[in-house]
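Written below as structure tokens is the structure these notes are about.
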Amino acid sequence: LAENGAAAWALLKETKEKMDAAVEGTRHEFSSIRTGKASPSLLEHLPVDAYGSMMPLNQLGTVSAPEARMLLVQPWDKTQINAIMKAIQSSDLGFTPSNDGNVIRVPIPQLNEERRRELVKLAHKTAEQGKVSVRHARKEANDDLKKAEKESVVSEDQMHTGLDKVQEITDEYIKKLDELLSHKEEEIMEV
């Protein structure tokens, strides 16, 4: 991809950015899949019905993990404690929060084997969605390269080199997603 290849290089850069976004999105989704340990990310984006609209919990207070099996929610407005409690209880996380009027304590129960397996399936589904996004970026890049060759923006050789490069990049990002999944699986199955 030489002189006329500037368009192809820009296309490859754009494709990498899309694939980076897919990996980051998957990483973000993984942070909300619970493991046996307390992690503030489990609750930070939980929707809470507050002030007449749905808001993520991290806009209503601070979530921290003072212990391995305990989350602490410190609401900025104490009048929202009941709304936050209700959101935590009605979520599918299986938590039973308690409060003392100032803070909400959320004990993280030990995961049983069946729940761990469900969470691993959820992690696989999340990783697959990431892979679909990566493959979609590959398809767009391939279509753009073929179109550029038809319009004589790049030569046939440059197109084929570009297609090979796009496939290399795709393989690299699929591998990153597989590594993320493997790490998350270990985290979930760790007792």
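The values are calculated or read from the model by the stated rules, or taken from the named source; none is laboratory data. Given the structure is predicted, the values throughout are model-derived calculations rather than measurements. Cβ coordinates were reconstructed from backbone atoms using ideal geometry, including for glycine residues, and neighbour counts include every protein chain displayed. To get the accessible areas, we keep the full protein, side chains included, count just its heavy atoms, and leave off ligands, DNA and RNA. Shrake-Rupley method; radii C 1.70, N 1.55, O 1.52, S 1.80 Å.
At a glance:
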{"item": "Computed lengthening from A68 to V120, 0.36 nm per intervening residue step minus Cα-Cα distance", "result": "16.7 nm"}
{"item": "Length added when fully stretched, E185-Q110, from 0.36 nm per residue minus Cα-Cα", "result": "25.4 nm"}
{"item": "Calculated semi-axes √(5λ) of the Cα gyration tensor in Å (choose from (i) 45, 19, 11; (ii) 39, 17, 16; (iii) 23, 21, 16), label", "result": "(i)"}
{"item": "Accessible-area ranking of V120, V153, V132, largest first, probe 1.4 Å", "result": "V132, V153, V120"}
{"item": "Cα-centred dipole magnitude for the range 119-170, charges only on beta-carbon of K, R (+1) and D, E (-1), debye, nearest 20", "result": "480 debye"}
{"item": "Computed E for S53/K150 - FRET, C-beta separation, R0 30 angstrom, nearest 0.05", "result": "0.05"}
{"item": "Electrostatic dipole magnitude of the range 18-149 [Cβ: Lys, Arg +1; Asp, Glu -1; Cα centre; debye, to 20]", "result": "360 debye"}
{"item": "Lysine-lysine proximity count for the range 72-191, Cα under 24 Å, sequence distance 8 or more or distinct chains", "result": "27"}
{"item": "Accessible carbon and sulfur surface of the range 17-156 relative to its total accessible area, %, 1.4 Å", "result": "51 percent"}
{"item": "Solvent-accessible heavy-atom area per residue, rounded to whole Å², over the chain at 1.4 Å", "result": "57 Å²"}
{"item": "Rel. contact order, % - alpha carbon contacts under 8 angstrom, at least six apart, the chain", "result": "27 percent"}
{"item": "The chain: calculated mean residue ellipticity at 222 nm from DSSP helix runs of at least 4, using -39500 (n - 2.57)", "result": "-20500 deg cm²/dmol"}
